[in-house]
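Colleague: If you scroll down you'll find the structure; I have some questions about it.
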Amino acid sequence: MTDNNSQEPRPGAIRRLFKWFRTPIGAVSLGFALVVSFVVGVVFWGGFHWAMEMTNTEKFCVSCHEMKDNVYAEYQGTVHQNNSSGVRATCPDCHVPKEWGPKVIRKIQASKELYGHFITGVIDTPEKFEDHRLYLASRVWTAMKETDSRECRNCHKFDYMDFTQQENRAAENHQKALDTGKTCIDCHQGIAHKLPEGYLDAYKKVSDDH
Amino acid sequence: MKKQALISAIAASAMIAVASFAIAQSASDVQTLRGADVDEPIGVEDVFHQDKQRFTRNYRQQPPLIPHTIEQYQIDLKANRCLSCHDWTTAGERNAPTLSMTHYMDRDGNQLDRVAGTRWFCNQCHVPQADAPALVDNTFKSSGN
């Protein structure tokens, strides 16, 4: 009872918490909580990172038949799979951004695409895939237009291209691209996959919208 | 009893027949398509690279040879990559020679806006060329001779 009447006002919540930390039991709990949250953080971050990397391999990309039977089959033997130097570009190299932010956004979009795989089955036969291909390709083109073909530029850079070693057509066009601000996908559609019917008109439309 | 013996006899002779056939198969000479034994290494064929200059036509109506690589250019029922540079709608922008009018004429002589179906498969007539020894003899004689 006397406590309640003591003259000292009751300390604020923060101060009380602070005081409690200084008691032995408080210090131990605090240390414990810190260690636990650190470990949990590491595990979660590691797991998150692991999941990101796991889903960023060619093996994962072609683990569904939609990709394996269509685009992966066509990619075989193209210059990004088979060339004189033996350096390869895999699906995520061209389709998943390298920087963390855009990468996470792309992964979230990809989760939405899984809905099409498991629930609606929009492209689960080669015929359906063909029917949707112009739409799918246009989406990739739009993304590349918006990022100035960022994924291509992760590997290829005009700065390091020796135009004199290139074929005439390539050198002339690349100079023109530099001068007029064109981007890789403007001239290099169908670099890794078969093109659908009416692709030129569809590309023009994507290009006009930007 | 008799029936069982008969069945076993038939089964045994069938097995012997199959086995001897298999042995005969493996003993006979393996026919090779590459003209060398299985364990015999054969050299890699010479690789001839494509000539990339513009060529003079050998006769007036010759489809010009292709002066650039066409590797991996898709030409099928769905798309024709050549047209992305050579069609009249794109050639100016891509700085390539425009298809001549013959490519826009169908077999009845009608002029079309899009490339004629008879000209769709470009490499039926146009090919790249490499300076390589001929694989087969050529008996072509030009009308001039």
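Colleague: Would it be correct to say that A:A137 is part of a helix (DSSP H, G or I) and either surrounded by 15 or more Cβ atoms within 10 Å (Cβ to Cβ) or within 14 Å of chain B (Cβ to nearest Cβ) (or both)?
Modeller: Working: part of a helix (DSSP H, G or I): yes; either surrounded by 15 or more Cβ atoms within 10 Å (Cβ to Cβ) or within 14 Å of chain B (Cβ to nearest Cβ) (or both): yes.
Criteria met by A:A137.
Colleague: Now for a separate question. For the range A:118-137, which positions are of a type in the set (F, W, Y) and touching a residue at least 60 places away in the same chain (Cβ under 8 Å)?
Modeller: Answer for the range A:118-137, where residues must be of a type in the set (F, W, Y) and touching a residue at least 60 places away in the same chain (Cβ under 8 Å): just A:F129.
Colleague: Condition test on A:E151, is it part of a loop (DSSP other than H, G, I, E, B), over 19 Å from A:H65 (Cα atoms) and not β-branched (V, I, T)?
Modeller: Working: part of a loop (DSSP other than H, G, I, E, B): no; over 19 Å from A:H65 (Cα atoms): yes; not β-branched (V, I, T): yes.
So A:E151 does not fit the description; no.
Every residue, every condition in (1) within 14 Å of chain A (Cβ to nearest Cβ); (2) at pLDDT 90 or above; (3) surrounded by fewer than 14 Cβ atoms within 10 Å (Cβ to Cβ); (4) part of a loop (DSSP other than H, G, I, E, B), yes or no:
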residue: B:A5; (1), (2), (3), (4): no, no, yes, no
residue: B:D39; (1), (2), (3), (4): no, no, yes, yes
residue: B:E45; (1), (2), (3), (4): no, no, yes, yes
residue: B:S84; (1), (2), (3), (4): yes, yes, no, no
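Colleague: Ok, one more. Look at B:V136 and say whether it is within 14 Å of chain A (Cβ to nearest Cβ) and either in contact (Cβ under 8 Å) with a residue 12 or more places away in the chain or part of a loop (DSSP other than H, G, I, E, B) (or both). Walk me through it before giving the result.
Modeller: Values: within 14 Å of chain A (Cβ to nearest Cβ): no; either in contact (Cβ under 8 Å) with a residue 12 or more places away in the chain or part of a loop (DSSP other than H, G, I, E, B) (or both): yes.
Spelling it out, it is not the case that B:V136 is within 14 Å of chain A (Cβ to nearest Cβ) and either in contact (Cβ under 8 Å) with a residue 12 or more places away in the chain or part of a loop (DSSP other than H, G, I, E, B) (or both).
Colleague: List pairs: first in the range B:85-96 and without any contact (Cβ under 8 Å) to a residue 24 or more places away in the chain and closer than 12 Å to B:R114 by Cα, second among the polar types (S, T, N, Q) and open to solvent by 30 Å² or more (accessible area, probe 1.4 Å), Cβ under 6 Å, 6+ apart or cross-chain?
Modeller: Final answer for the pair search is B:W88/B:T98.
Colleague: Further, regarding this structure: Mind listing just one residue for me: the one in the range B:104-145 that is hydroxyl-bearing (S, T, Y) and out of contact with any strand residue (DSSP E or B) (no Cβ under 7 Å at 6 or more places or on another chain) and, of those, least open to solvent (accessible area, probe 1.4 Å)?
Modeller: Initial filter on the range B:104-145 (hydroxyl-bearing (S, T, Y)): B:104, B:118, B:139, B:142-143.
Remaining after also requiring out of contact with any strand residue (DSSP E or B) (no Cβ under 7 Å at 6 or more places or on another chain): B:118, B:139, B:142-143.
Details: B:T118: 82, B:T139: 120, B:S142: 40, B:S143: 124 Å².
Out of the qualifying residues, it is B:S142.
Colleague: Sticking with this structure for a sec: Among the candidates A:E197, A:E172, A:E167, single out the residue that is free of Cβ contacts under 8 Å to residues at least 12 places away in the same chain, within 14 Å of another protein chain (Cβ to nearest Cβ) and open to solvent by 90 Å² or more (accessible area, probe 1.4 Å). So that I can check it myself, show each step before the final result.
Modeller: On the way: A:E197 fails: free of Cβ contacts under 8 Å to residues at least 12 places away in the same chain; A:E167 fails: open to solvent by 90 Å² or more (accessible area, probe 1.4 Å).
Sole residue among the options that is free of Cβ contacts under 8 Å to residues at least 12 places away in the same chain, within 14 Å of another protein chain (Cβ to nearest Cβ) and open to solvent by 90 Å² or more (accessible area, probe 1.4 Å): A:E172.
The values are calculated or read from the model by the stated rules, or taken from the named source; none is laboratory data. Small disclaimer: the values here were computed from a predicted structure and weren't measured. Every residue, glycine as well, gets a Cβ built from its backbone with ideal geometry; the counts of neighbours run over all protein chains shown. For the accessible areas, the whole protein counts, side chains as well, though only heavy atoms, and no ligand, DNA or RNA atoms are used. Shrake-Rupley method; radii C 1.70, N 1.55, O 1.52, S 1.80 Å.
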